[in-house]
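What follows is a short report on a single structure.
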């Protein structure tokens, strides 16, 4: 009951109804309908598209494939990486033992349940692919852009990244076990009382002790609200923790460079590969900043409540309604952000990026003749108004830069359902290693030398961009809930305690920290 288009016509010259085949030589091997292993082999004989025999063979092949297609649609899908990976890929479905060796994998346009993956065979069967589908009142076609040499490098990179990506389990925050193991590796030889005393003496952070399921702390804390945010999570799990003591750095910057020997144990929320600091979930998941006046005068607030606000905003701004201009608002905490601001001034339709008033860090000031005042921290223009993070959800493409250390906004941007452009890869928080470039976000060079081409790529491949955005949002929703933060704290402290080679005794003058009344407001 289906019609088969003339294989001699161009993609724009034919009407396609429920048939998938190639124009020219006999059909290539291909696979995947709703996650099913569908297909067979690449015909080796030559078949002219102009011959009657060739046309008959094509029509018979299309009818046979259609019958099998309809049958397989009734079967349950093959289990696989459906949510985060955006579907199964041709290489995964077909395997390497078929005639597909050496074939070129085409990226699957998302939201096309009728076709999960396509592979073109090598040799005489490698001809132009044409795919037609009619369903639910809409038509889709694999555009030539999927094979365009201009974007092939990026498409191939996405395919490779997805093939190598292994989604992690949500059970017992197991996503991050590898981070804990790596951070504690320098201390496998043990942590002595003398080593701990040296860390405390050097005041590299706030000294805490856990003794008989009670939390004690020295009186001095540089940032009380930050210490309070840390203490909230420790108190959540203290009933399951052994005796221990640790120094927790609540400054922005890590404290233990790798050139320091021997390595000493200091907990920090962020670091680079040049430091031995042990990463912990930042205080900001509960309280303690960053404060941005006037929109967040006491900090961003509780992560669990902020998540809800962002998800509501994302629902109000689905992908199809989002503004296609790339967007950034933030202060000049590092000059790495300058190229995007300057690009925005040059091409405001491509990028809308402006500096807001700098809340803390100040660059070397210069006087601009244009405004006759010091505006170095906004590159010579008046500071833009601060914008709530929920209002960022109006835009498809959101930029994340490091600040003094890792940026606190990173996790928030994903929940907008927008595509995150992450600039540089130097600074880390504990959850960063499981967020993969090209799988969950678009990586951008630190100097932004490739940013224009990347923006052109996602604009030309909107479906690709949307699918990456969805995977990023899905990861944060599934693996960075409040329970995951508490779980990470417990696993981290339990594993850390195993390296202490002495019995901890309470220090004089340390006060017990008791739980505060639960906060429910932002």
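The values are calculated or read from the model by the stated rules, or taken from the named source; none is laboratory data. On a predicted model such as this, the values are computed, not experimentally measured, just so you know. We place every Cβ from the backbone using ideal geometry, glycine too, and count neighbours over all the protein chains shown.
The set of residues in segment 205-238 being part of a loop (DSSP other than H, G, I, E, B) and under 31 Å from the mean Cα position of the chain (by Cα) consists of 205, 223. If you go through segment 497-505 one residue at a time, do you hit one that is touching a helix residue (DSSP H, G or I) at 6+ places or on another chain (Cβ under 7 Å) and in the same structural domain as residue 284 (by TED's automatic domain parsing)? Within segment 497-505, one or more residues are touching a helix residue (DSSP H, G or I) at 6+ places or on another chain (Cβ under 7 Å) and in the same structural domain as residue 284 (by TED's automatic domain parsing). Of all residues in segment 293-320, which are in a helix (DSSP H, G or I), over 30 Å from residue 225 (Cα atoms) and in contact (Cβ under 8 Å) with a residue 60 or more places away in the chain? Passing the criteria: 316, 319. Taking the conditions (1) surrounded by 20 or more Cβ atoms within 10 Å (Cβ to Cβ); (2) within 24 Å of residue 303 (Cα to Cα); (3) touching a strand residue (DSSP E or B) at 6+ places or on another chain (Cβ under 7 Å) in turn, residue 444 satisfies each one other than (2).
Quick grid of which residues meet (1) farther than 26 Å from residue 275 by Cα; (2) at pLDDT 95 or above; (3) surrounded by 14 or more Cβ atoms within 10 Å (Cβ to Cβ):
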residue	(1), (2), (3)
161	yes, yes, yes
188	no, yes, no
197	no, yes, no
205	no, yes, yes
210	no, yes, yes
215	yes, yes, yes
220	no, no, no
230	no, yes, yes
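Taking the criterion of being more than 14 Å from residue 489 (Cα to Cα) and without any contact (Cβ under 8 Å) to a residue 60 or more places away in the chain, the residues of segment 248-269 that qualify are 249, 250, 251, 255, 256, 257, 258, 259, 260, 261.
Annotation: residue 310 fulfils all but one of (1) at pLDDT 95 or above; (2) under 25 Å from residue 179 (Cα atoms); (3) under 26 Å from the mean Cα position of the chain (by Cα); the unmet one is (2). Counting the residues of segment 317-332 that are farther than 15 Å from residue 390 by Cα, at pLDDT 95 or above, over 18 Å from the mean Cα position of the chain (by Cα) and surrounded by 14 or more Cβ atoms within 10 Å (Cβ to Cβ) gives 2.
Give segment 411-430 a look and list any residue that's within 24 Å of residue 177 (Cβ to Cβ) and either in contact with a strand residue (DSSP E or B) (Cβ under 9 Å, 6 or more places away or on another chain) or modelled with pLDDT under 95 (or both), or say none. Across segment 411-430, the qualifying residues are 414, 422, 425, 427, 428, 429, 430. One residue stands out in segment 247-283 among those that are under 26 Å from the mean Cα position of the chain (by Cα) and part of a strand (DSSP E or B): the one that is surrounded by the fewest Cβ atoms within 10 Å (Cβ to Cβ), namely 275.
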